[in-house]
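Peer 1: Take this structure first; my questions come after.
The values are calculated or read from the model by the stated rules, or taken from the named source; none is laboratory data. From a predicted model like this one, the values you see are computed outputs, not experimental measurements. Cβ sites come from the backbone with ideal geometry, for glycine too, and all protein chains shown count toward neighbours. When the accessible area is computed, the model is the full protein with side chains, heavy atoms only, and any ligands, DNA or RNA have been set aside. Shrake-Rupley method; radii C 1.70, N 1.55, O 1.52, S 1.80 Å.
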Amino acid sequence: LLCKNELNDTLNNLCHWMKDEHVDKNLVTQLDSAFIRKDPYGVVLIIAPWNYPIHLFLVPLIGAIAAGNCVIVKPSETSKNTERLVAEMLSCYLDSDCFAVVTAGVEETTRLLENKFDYIFFTGSPRVGRIIMTAAAKHLTPVTLELGGKNPCYVSDTCDVQNVARRVAWGRFFNAGQTCIAPDYVLCSVEMQEKLMPALREAITEFFGSNPRESPDFGRIVGDKQFRRIRALLCSGRVAIGGQTDEKERYIAPTVLADVLPSDPAMQEEIFGPILPIVVVANMDEAIDFINARPRPLAIYAFSCDSKVVKQVLERTSSGGFCGNDTLMHLTLTSLPFGGIGNSGLGKYHGKFTFDTFTHHRGCLHRNMGLEALNALRYPPYSQQKLGLLTATFEIKRKGTCTLL
């Protein structure tokens, strides 16, 4: 549905997005045409991850082709079945002149990056993002990096605990926690931790039944390596809910860890699995300090019945995106830009933002061939009178005053 929404939004608005955008002019250029031309970059490379292997290649692909580019698509080799599906089926829907699919592992992708592309769009981890950016720098190729990070979720003492538990549990355990914008850990007081535990247990049972392993709505970890990495994080704090694992099935139960310390393993890396640590803080100020002491995340979540608390978290922190009193839902709006900042990424997309990402905004001025007398002021020899007239015709006037506080 999200892919179809992106496609329909693009089809509905493309005629408007691609038009020349006329801009303001100064006195000298009043009789001329000043506009922004929307040009494609050329050939772009889209490298997609495994956790949402259709959505996270198709959404940027829609914008890239809409902007007039040709695209090399590199699906993740980790999700092998989807990789094969994309390679075999995409040509049934798109003209093969405008795209190509490359199926490859790490070694082949490294060689692929040695080629010169006009733009690279990568979704994945910060570690690989640095490799992509280094390779792009050799050709001065612009990049968008959609990375991840540890997304904090602050829960204040004034909130509807049941609603918070449902919304946090849904966001954390959706796709077995393998979501880049999932709430990675909860920050709350000791009192709220005690209230949240039974509410989270109830929400997990409501969603997945008394035995989540048997639920058709609870996923599995993508691979053995990923399973072992996530399982090793269970030693953090104490297991308050869940904790069961099955390596053969790559099953990790929806798990909540209580009394987690900042030094625990679960707080040293993005979890990317169905584990939710709870870190105790004294109050909102301590939670904000905790968030600001770490790399800027892809998303920040804040829950409170007091809108002033939510606004405080928004105003005093920095992140790629923000959602108050819910999780993940900001992703569903094509009208909002989606992207990271700092360690969580570079650039943005969704809706028109995707089109703009894959578009070179070319500044253009088309002047009148005649009326040469109007240009005399800028030609030598110069005089004070000429300079005064030039200043008057080119200067941008301030409309207000500025007060230093």
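Peer 1: Once you've got the Cα coordinates, tell me which of 80/116; 308/352; 311/397 are over 29 Å apart.
Peer 2: Too far apart for the 29 Å limit: 308/352; 311/397.
Peer 1: Restricting to the chain, what percent of DSSP beta bridges are antiparallel, rounded to 5?
Peer 2: 35 percent
Peer 1: Under a GNM of the chain (C-alpha, springs under 10 Å), which listed residue has the highest mean-square fluctuation: 19, 248, 80?
Peer 2: Between 19, 248, 80, it is 248 that shows the largest mean-square fluctuation.
Peer 1: Additional query: Sticking to Cα atoms, compute the Rg of the stretch 152-343 to one decimal and its Dmax as the biggest Cα-Cα distance, whole number, in Å.
Peer 2: Gyration radius and largest Cα-Cα distance of the stretch 152-343: 15.6, 48 Å.
Peer 1: If contacts are Cα pairs under 8 angstrom and at least 6 residues apart, what is the relative contact order of the stretch 152-343 in percent?
Peer 2: 27 percent
Peer 1: Now for a separate question. Can you give me the Cα centroid spacing of the stretch 60-95 and the stretch 228-259 in angstrom?
Peer 2: Using only Cα atoms, the two centres lie 35 Å from each other.
Peer 1: For the chain, modelled as a GNM with alpha-carbon contacts under 10 angstrom, which of 320, 342, 124 fluctuates the most?
Peer 2: Result: 342 has the largest fluctuation of those listed.
Peer 1: Right, next: For the stretch 152-343, give the magnitude of the charge dipole about the Cα centre (Cβ charges: +1 Lys/Arg, -1 Asp/Glu; no others), in debye to the nearest 20.
Peer 2: 480 debye
Peer 1: Oh, and also: Separation between the residue 140 and residue 386 pseudo-spin-labels, each 7 Å from Cα along Cα→Cβ, expressed in nm?
Peer 2: Label at residue 140, label at residue 386, 3.4 nm between them.
Peer 1: Select from 324, 361, 164 the residue farthest towards the positive end of the dipole of the chain; place +1 on Cβ of Lys and Arg, -1 on Cβ of Asp and Glu, and compute about the Cα centre.
Peer 2: Checked the options; the winner is 361.
Peer 1: Okay, next question. Dipole of the chain (Lys/Arg Cβ +1, Asp/Glu Cβ -1, origin at the Cα centre): which of 392, 112, 278 lies farthest to the positive side?
Peer 2: Going by the Cα projections, it comes out as 392.
Peer 1: Keeping every protein chain present and rolling a 1.4 Å probe, give me the accessible area per residue for the chain in Å².
Peer 2: 52 Å²
Peer 1: Turning to a different aspect of this structure: Which residues does the label zone of residue 85 cover in the stretch 38-79, counting backbone N under 15 Å from a point 7 Å along Cα→Cβ?
Peer 2: The answer is 49-59, 75-79.
Peer 1: Which of these, 365, 233, 145, has the largest mean-square fluctuation under a Gaussian network model of the chain (Cα springs below 10 Å)?
Peer 2: 365
Peer 1: Length gain on complete extension for the stretch residue 249 to residue 28, per 0.36 nm per residue less the alpha carbon to alpha carbon distance?
Peer 2: 72.4 nm
Peer 1: With a sphere of radius 14 Å drawn around the Cβ of residue 246, what net charge do the other residues whose Cβ falls strictly inside it have (Lys, Arg +1; Asp, Glu -1)?
Peer 2: Charge balance in the 14 Å sphere: +2.
Peer 1: How long, wide and thick is the stretch 213-305, going by the Cα atoms along their three principal axes, in whole angstroms, largest first?
Peer 2: 43, 28, 26
Peer 1: Now, a different point. Using +1 on the beta carbon of Lys and Arg, -1 on that of Asp and Glu, and nothing else charged, what's the dipole of the chain about the Cα centre, debye to 20?
Peer 2: Value, rounded to 20: 960 debye.
Peer 1: OK, next. Cα convex hull of the stretch 269-364: mean projected area in nm², to one decimal?
Peer 2: The orientation-averaged projected area of the Cα hull of the stretch 269-364 comes to 8.3 nm².
Peer 1: Expressed as a fraction of 2.2 N^0.38 Å, the rule-of-thumb size for a compact globular protein of N residues, what is the C-alpha radius of gyration of the stretch 177-217?
Peer 2: Dividing the Cα radius of gyration by 2.2 N^0.38 Å gives 1.39.
Peer 1: Apply the Kirkwood formula to the chain: the hydrodynamic radius equals the inverse of the mean of 1/r over all pairs of different alpha-carbon atoms; give it in Å with one decimal.
Peer 2: Answer for the chain: a Kirkwood hydrodynamic radius of 24.0 Å.
Peer 1: Find out how many positive minus negative residues lie around residue 10, taking Lys and Arg as positive, Asp and Glu as negative, among other residues whose Cβ is under 11 Å from that of residue 10.
Peer 2: 0
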